[in-house]
Amino acid sequence: MPRNLDRLLRDYIAPPPGLKPVDFGAPPGAPALFEPNSVSWRVMKNPVALVVGGFAAVILELAEPRVRTGVWEHTTFRTDPVTRIRRTGYAACVTIYGPADVARGMISGVVRAHDRVEGRTPAGAPYRANDPELLTWVHATAVYGFVEAYNRYVRDLGSDDTDRFYAEGAPAAALYGADKPPRSRAELEAIFAAMAPKLERSDILFEFFSILRTAPLLPLKALQRLMLRGAVSMTPDWARETLGLGREFSLRAGELTLLRALAAAGERFVLEEAPPAQACKRLGLPPNYLYR
């Protein structure tokens with residue numbers, strides 16, 4: 001396995017500081033919230049889809065003023081972005097691959113923590129972290145980011161499997177408190193259309209870019225910047241126009257090929273201690289089950 005890809009995999013799936021490690025390989029036979037043959041298990045195993053999709057989700061989340069204020073004022077994103085991003089990625093792995101009871105317990109803890117988060121935007125609009133509308137938006141941006149990154153940079157799933165991905169995520173989204181999670185690409189587009197008038201450009205988004213360009217998240221800064229440009233490139237055109245993200249933020253000549261090569265490597269190389277492989281072994285499947 002290429003050394004940098006190996007480092008990316010190990011860093012991104014390891015439990016971040018302050019978060020209780022989850023044993024994805026035990027107890028034997030314990031089901032997850034998602035089935036092993038789900039589209040979600042296939043998509044979320046790929047580190048490029050996970051990272052690029054996660055970046056794209058944050059771009060869209062920060063476009064919504066209430067979400068943006070909550071993230072900026074009530075998380076450690078500005079002071080400790082690496083831990084914040086890794087905690088989010090690890091939570092996604094627990095939700096998808098962890099034993100169902102463990103995943104539900106973690107989600108309940110997140111919901112309780114969000115109960116304490118509320119305030120007002122600089123414009124005076126009230127917000128609550130557990131507002132179902134905002135949770136639906138956060139979930140919609142996340143599932144869009146992951147599946148769109150997979151479709152663009154790994155392989156095209158086609159419309160049926162893309163819709164399956166959205167439908168599979170809806171029950172877990174409901175556990176987090178989202179009241180109307182999208183169950184298809186058409187429903188996702190409807191959510192985007194309804195939310196578009198509420199989105200706005202903000203200096204915070206560009207501060208987020210500056211943080212990602214320098215934070216020691218990935219083994220190479222060039223790789224980090226490549227994935228950020230890949231995230232911007234797959235952000236919907238209408239959102240990029242609203243946010244002021246011109247061509248200078250997009251992938252450069254030759255970078256699409258490079259990103260796809262990295263994503264293809266993530267489809268071939270099995271890291272047996274990673275959550276996807278450990279979850280397969282827990283359920284009596286070979287560790288390379290998702291990589292065939």
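Since every read-out is calculated from the coordinates, none of them should be taken as a lab result. Worth saying up front: this structure is predicted, and the values here are computed from it rather than measured. For neighbour counting, all protein chains shown are included, and Cβ atoms are generated from backbone atoms with ideal geometry for every residue, glycine included.
Things to note:
- Fluctuation leader among 281, 198, 180 - the chain, Gaussian network, Cα springs under 10 angstrom: 198
- Equivalent ellipsoid of region 76-224: semi-axes from √(5λ) of the C-alpha gyration tensor, largest first, are 23, 21, 19 Å.
- Taking 0.36 nm per residue of separation and subtracting the current Cα-Cα distance, fully stretching the chain between residue 221 and residue 117 would add 34.2 nm.
- Over the chain: helical MRE at 222 nm, DSSP H runs n ≥ 4 each giving -39500 (n - 2.57), nearest 500: -19000 deg cm²/dmol
- Only one of (i) 0.96; (ii) 1.07; (iii) 0.93 was calculated from the structure for Rg/Rh (Cα atoms, Kirkwood Rh), and its label is (iii).
- Order of 282, 104 under a 10 Å beta carbon neighbour criterion, fewest first: 104, 282
- Protection proxy ranking, peptides 87-97, 215-225, average beta carbon neighbours within 10 Å, highest first: 87-97, 215-225
- Paramagnetic label reach from residue 213 (point 7 Å along Cα→Cβ; backbone nitrogen cut-off under 14 Å): within region 32-63, no residues.
- Region 10-81 - Rg over Rh from alpha carbon coordinates, Kirkwood radius: 1.04
- Ordering 74, 114 by the number of other Cβ atoms within 10 Å of each residue's own Cβ, fewest first, gives 74, 114.
- Alpha-carbon centroid distance for the pair region 222-292 / region 35-76, whole angstrom: 12 Å
- Pairs of Lys in the chain closer than 27 Å at Cα, counting only those 8 or more apart or on different chains: 6
- Pairs of Cα atoms nearer than 8 Å and 6+ residues apart set the relative contact order; for the chain it is 29 percent.
- When the chain is treated as a GNM with alpha-carbon contacts under 10 Å, the residue of 132, 171, 27 showing the greatest mean-square fluctuation is 27.
- Label positions at residue 260 and residue 189, each projected 7 Å from the Cα along the C-beta direction, are separated by 2.4 nm.
- Nearest-20 debye value, the chain charge dipole, Cβ charges on Lys, Arg, Asp, Glu: 720 debye
- Taking a ≥ b ≥ c as the square roots of the Cα gyration tensor eigenvalues, region 176-292 comes out oblate, since a/c reaches at least 1.5 and a/b does not exceed b/c.
- Net charge contributed by nearby residues that have their C-beta within less than 9 Å of residue 130 (K/R +1, D/E -1): -2
- Net charge of Cβ neighbours under 11 Å - reference residue 71; Lys, Arg +1; Asp, Glu -1: +1
- In terms of packing, defined here as the mean over residues of other Cβ atoms within 10 angstrom, the peptides 272-279, 154-161 line up highest first as 272-279, 154-161.
- Counted charge near residue 32, where neighbours are those whose Cβ lies closer than 12 Å (Asp, Glu -1; Lys, Arg +1): -1
- Residue order for 72, 41, fewest other beta carbons within 10 angstrom first, comes to 72, 41.
- Distance from the C-alpha centroid of region 98-156 to that of region 159-221: 8 Å, rounded to the whole angstrom.
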